[in-house]
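Trainee: Provided herewith is a single structure, encoded as structure tokens, for subsequent inquiry.
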Amino acid sequence: MTAQITVLISGRGSNMQAIHQACNTGTLNARVTHVISNTGDAAGLDYAEQHGIRTSVVSHRDFARRADFDAALVKAIEQHSPPDLILLAGFMRRLTATFTSRFNGILINIHPSLLPRHPGLNTHANALACGDKWHGCSVHFVNESLDGGPLIARGIVPVFAGDTESSLADRVLSTEHRILPRIAQLVLHEGLACLDSHIKFKDSTLNHPFLYYYM
């Protein structure tokens, strides 16, 4: 049976689109079956609807407590057949330990910096302000820590003289679109997993020995 992916977004959902397109071309052996946003005006919802993907909105503004929002999000994720993988793709909410432990091993985030450098927001501005010569993105399993959890892969791009936040963001985003479908394929079909807080292949006793680097 084809693997099912749920994608959580907050905005335009360009990584969700990259995942969907990888599924359509066969690069990723899966289907995006559900897109959930915490904002009702997220442009990514329009893309999903146009391509026949089920959508839901669980607005964080409707909940006074983070735990209540997370409970509603769990309900939305599980109301149909449970997904094989949940991708946080520009999802701008921090999740509680209750949520992350429920989906332990199938919950993955892509973040626009070379973690552990520059967690949180404004990563491109921070990289420029710090004079970083290299920047990029990171894919990791998710825990309750801000942009924490075992790191799977990094994509590295150079920072050029004269770069702006916009030009740097575009370069990083292109790398994100290349990395995320590959990692999804590894997790869904090639046995890559988080076991005892270590990244391993399920049929190996060795820790995951590599990171992916893209220029």
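Each value in this text was obtained by applying a stated rule to the coordinates, not by laboratory testing. What you see is a predicted model; the values in this text were computed from it and never measured. Glycine also receives a Cβ, built like all others from the backbone with ideal geometry; neighbour counts cover every protein chain displayed.
Trainee: Are there any helices in the chain, counted as whole DSSP H runs, that stretch 20 Å or more along their axis by Cα and score at least -1.0 on average by Kyte-Doolittle, and if so which?
Mentor: 165-189
Trainee: Using helices alone, I'd like the mean residue ellipticity at 222 nm for the chain: each DSSP H run of four-plus residues gives -39500 (n - 2.57), total over residue count, nearest 500. It would help to have the intermediate numbers written out before the result.
Mentor: Numbers: 6 runs with 71 residues, N = 215.
Computed ellipticity for the chain at 222 nm equals -10000 deg cm²/dmol.
Trainee: Lys/Arg Cβ at +1, Asp/Glu Cβ at -1, dipole of the stretch 1-103 taken about the Cα centre: which of Leu95, Thr39, Ser81 is farthest positive-ward?
Mentor: The one lying farthest along the dipole's positive direction is Leu95.
Trainee: With +1 on each Lys and Arg Cβ and -1 on each Asp and Glu Cβ, and nothing else charged, work out how big the dipole of the stretch 1-103 is about its Cα centre, in Debye to the nearest 20. Each step should come with its number before you reach the end.
Mentor: Values: 10 positive and 8 negative charges, 50 e Å.
Charge dipole of the stretch 1-103: 240 debye, to the nearest 20.
Trainee: Across 5 Å bins from the origin, how do the percents of Cα pairs in the stretch 119-193 run, short distances first?
Mentor: 3, 15, 23, 22, 18, 11, 6, 2, 0
Trainee: Treat the count of other C-beta atoms within 10 Å as a stand-in for reagent exposure and order Phe201, Phe99 from fewest to most.
Mentor: By the 10 Å Cβ count, ascending, the order reads Phe201, Phe99.
Trainee: Oh, and also: Would you mind ranking Leu45, Leu151 by Cβ crowding within 10 Å, fewest neighbours first?
Mentor: Going from least to most buried by this count: Leu151, Leu45.
Trainee: For the residues Asp84, Asp196, what sequence is obtained by ranking on other C-beta atoms within 10 Å, fewest first?
Mentor: So the ranking, lowest neighbour count to highest, is Asp196, Asp84.
Trainee: In addition: Report the label-to-label distance for Asn24 and Val74 in nanometres (one decimal), using points 7 Å from each Cα along the Cα→Cβ vector.
Mentor: 3.5
Trainee: Would you list which aspartates and glutamates come within 17 Å of Lys200, measuring only between C-alpha atoms, while excluding same-chain residues fewer than 8 positions from it?
Mentor: Result set, ordered by chain and number: Glu190.
Trainee: With charges only on Cβ, +1 for K and R and -1 for D and E, what is the dipole size of the chain about its Cα centre, in debye, rounded to 20?
Mentor: 160
Trainee: Let me ask something else about it. Which value results when the Cα radius of gyration for the chain is divided by 2.2 N^0.38 Å?
Mentor: Details: Rg = 16.7 Å, N = 215, 2.2 N^0.38 = 16.9 Å.
Dividing the Cα Rg of the chain by 2.2 N^0.38 Å gives 0.98.
Trainee: Would you mind estimating how fast the stretch 70-123 diffuses translationally, via Stokes-Einstein at 4 °C and 1.567 mPa s with the Kirkwood radius over Cα pairs, in µm²/s?
Mentor: Answer from the Stokes-Einstein relation: 104 µm²/s.
Trainee: Out of all DSSP beta bridges with both ends in the chain, state the antiparallel percent to the nearest 5.
Mentor: In the chain, approximately 45 percent of DSSP beta bridges are antiparallel ones.
Trainee: At q = 0.11, 0.24 Å⁻¹, what is the base-10 log of I(q)/I(0) for the stretch 1-103 according to the Debye formula with one equal point scatterer per Cα and no solvent? Please give it to two decimals.
Mentor: Debye intensities relative to I(0), on a log10 scale: -0.30, -1.38.
Trainee: List the longest stretch of the chain that has no exposed loop site; here a site is one of the GluC sites (Glu not before Pro) assigned by DSSP to anything other than H, G, I, E or B, with at most 14 other Cβ within 10 Å.
Mentor: Result, exposed sites excluded: 1-143.
Trainee: A further question follows. For Met92 and Leu128, FRET efficiency with R0 = 22 Å and r from the beta-carbon atoms, rounded to 0.05?
Mentor: So, using R0 = 22 Å, E works out to roughly 0.60.
Trainee: When only Cα pairs under 8 Å and 6 or more residues apart are kept, what is the percent relative contact order across the stretch 1-103? Let's see the in-between values first.
Mentor: Values: 168 pairs, mean separation 36.5, N = 103.
Rounded, it is 35 percent for the stretch 1-103.
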